[in-house]
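Novice: There's a structure below that I have some questions on.
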Amino acid sequence: MNKWLATGVISVVALMAAGPYITGTVAQKKLASLVQLLDKQPHIRASIDKYERSYLGARVEILLQPEPATDADAAWRVVASLKYGVASLNAQAILQLPPQLQQDLHVRAALQNRPPVSVRAAASLLGVDMFLRSAPVTYSKEGVTAAIAPVELRLDAPVTMDAVGAQVQWNGLTMKSGGEEFLISKFQLQQNSRKLTSHLWVGDLVLALENFEWRSPGTDLRSSGMEIRSTTQKTRGSRLKSELLVATNTLVLDDKTFHDQRLKLEVEGLAIDELENLIVAVERRDAAMAKVTTERPDREQMKQQEKLTKAVANAGSAFLRKGLSIAVPEMQSTTPFGPLAGQGSLVQPAMEEADKAPLLTRTQGTMSFSMPLQLLMLLPHGEEQVAALIEQNLMVQEGEYLKAEATLGDSMIVLNGQQIPVPPLL
């Protein structure tokens, strides 16, 4: 018994002693892979300039060189300090300005001699947590003043990296130059998502902006209470449902005030497997086209492009034949000239494999829209635009309003009473 106990204790001690070394080895390989991936991105070159590793940690310097710049003084540098645990890693990093900017007294004063970005991160068997904060910026020179609040970003993810949570907080900025003023206040973003397939994620997003203002001679643009909300979730039968809401409490354009702007979009019934196949087909086609470096591809390249383009069309047809619906149940605004309102829907029913009817022959839809005539008059050449819309029967004038009504069915669009045949598709 004592022998097995001693063996167990020795094994645990040995594992704990080797833990930091193993963590450091894994971290070094992961970092090298991330830098290689970053180096493959357009307009930037990335490389590990220094990696000084010890038993319990490491000091790392990564160079970020923008392209097409070749001057070494234009390179940004990420300096990180890593600390290893038995099965954990803690990191602190800063982004250093290029040498040419470090010598600029105005830049140093604007940043108050702080690094432009600092990062804290922790990784363990439970997951990853990262906090990023930009430095506050103050600037004043030759009649131009600016104050930019720090941007704070937090990311968290499980160790499997199949889900991500993100939160952004920013109190905004103020800028003044001559007779112009620009203000953004209290921007917030929160997003939670999880991986569904290789290319598809589901989750929710909330974005809010308290105020936006831009004033200049002859222009006064202000908005308050802007919010964007979206959700995407998996439903029965391996389908996706997405909803998007964009809303603004108040919008001021010069002497005109608009209230309660709302736009809601709903997409339902997206077939997950077919959508994944469509995304893969598009990626393959785009990757092949990116390899063509000449304006006149050879015959083999043209055949390959034609084959991949056909694959995209087939994948798109298979996706649509599974059926889906798109709806705009709400579009509204209270304008100075009266209410603007609209709604619409489009339904592509599922089609059996034996049903070889072309797409759009089964599609059904409705649309209605109404807006004050005077709203279009605010645009340049407003009278001419209104006359063109009416002449082409795109809109019908009823008193002080322009209206449109449309239906789609049996391969026919009926727009304001006029029939328009719809050609078959795919």
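Novice: Looking at region 32-52 only, could you name the residues that are surrounded by 13 or more Cβ atoms within 10 Å (Cβ to Cβ), among the aliphatic types (A, V, I, L, M) and more than 18 Å from LEU82 (Cβ to Cβ)?
Specialist: Scanning region 32-52 gives a single hit, ILE44.
Novice: Please go through region 211-233 and give me each residue that is more than 20 Å from the chain's Cα centre (by Cα) and over 11 Å from LEU183 (Cα atoms), ordered by number.
Specialist: SER216, PRO217, GLY218, THR219, ASP220, SER224, GLY225
Novice: In region 60-115, how many residues are of a type in the set (S, T, N, Q) and touching a residue at least 60 places away in the same chain (Cβ under 8 Å)?
Specialist: 1
Novice: Among the strands (runs of 3 or more DSSP E) lying completely within region 33-129, list those that include at least 2 residues that are more than 23 Å from ASP156 (Cα to Cα) and basic (Lys, Arg).
Specialist: Filter on region 33-129 gives 44-53.
Novice: Report, by residue number, each residue of region 172-181 that is surrounded by 16 or more Cβ atoms within 10 Å (Cβ to Cβ) and either over 17 Å from ASN211 (Cα atoms) or in contact with a Lys or Arg (Cβ under 9 Å, 6 or more places away or on another chain) (or both).
Specialist: GLY172
Novice: Need at least 2 residues that are closer than 24 Å to ASP260 by Cα, at pLDDT 90 or above and of a type in the set (Ser, Thr, Tyr) per element, so show me which strands (runs of 3 or more DSSP E) inside region 164-236 make the cut, counting only ones lying wholly within it.
Specialist: Those strands (runs of 3 or more DSSP E) span 219-235.
Novice: If you don't mind, another one. Any idea which of ALA110, ALA135, ALA163 is within 30 Å of ILE272 (Cβ to Cβ) and out of contact with any His (no Cβ under 6 Å at 6 or more places or on another chain)?
Specialist: Working: ALA110 fails: within 30 Å of ILE272 (Cβ to Cβ); ALA135 fails: within 30 Å of ILE272 (Cβ to Cβ).
Only one candidate passes the filter, namely ALA163.
Novice: While we're on this one: Take ALA350 and tell me if it is part of a loop (DSSP other than H, G, I, E, B), of a type in the set (A, V, I, L, M, F, W, C), closer than 23 Å to GLU276 by Cα and at pLDDT 85 or above.
Specialist: It is true that ALA350 is part of a loop (DSSP other than H, G, I, E, B), of a type in the set (A, V, I, L, M, F, W, C), closer than 23 Å to GLU276 by Cα and at pLDDT 85 or above.
Yes/no matrix, rows are residues, columns are (1) touching a strand residue (DSSP E or B) at 6+ places or on another chain (Cβ under 7 Å); (2) of a type in the set (Lys, Arg); (3) closer than 19 Å to PRO115 by Cα:
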| site | (1), (2), (3) |
| --- | --- |
| VAL60 | yes, no, yes |
| LEU63 | yes, no, yes |
| ARG77 | yes, yes, yes |
| LEU82 | yes, no, yes |
| ALA87 | no, no, no |
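Novice: Still on this structure, I have one more. Looking at (1) buried (at least 16 other Cβ atoms within 10 Å of the Cβ); (2) modelled with pLDDT under 95, can you tell me which one LEU125 breaks?
Specialist: Answer for LEU125: the failing condition is (1).
Novice: Among the residues of region 383-426, which ones are surrounded by 15 or more Cβ atoms within 10 Å (Cβ to Cβ), in contact (Cβ under 8 Å) with a residue 12 or more places away in the chain and part of a strand (DSSP E or B)?
Specialist: VAL396, TYR401, LEU402, LYS403, ALA404, ALA406, LEU408, GLY409, LEU415 - these are the residues of region 383-426 that are surrounded by 15 or more Cβ atoms within 10 Å (Cβ to Cβ), in contact (Cβ under 8 Å) with a residue 12 or more places away in the chain and part of a strand (DSSP E or B).
Novice: Could you check TRP201 against (1) under 30 Å from LEU275 (Cα atoms); (2) surrounded by 15 or more Cβ atoms within 10 Å (Cβ to Cβ) and say which number it fails?
Specialist: For TRP201, the failing item is (2).
Novice: Report yes if GLN261 is closer than 30 Å to ALA123 by Cβ and surrounded by 14 or more Cβ atoms within 10 Å (Cβ to Cβ), otherwise no.
Specialist: For GLN261, the condition - closer than 30 Å to ALA123 by Cβ and surrounded by 14 or more Cβ atoms within 10 Å (Cβ to Cβ) - is not met.
The values are calculated or read from the model by the stated rules, or taken from the named source; none is laboratory data. Treat the numbers as computed from the prediction; the structure is a model and nothing was measured. FYI the Cβ positions are ideal-geometry reconstructions off the backbone, even for glycines, and counts take in every protein chain you see.
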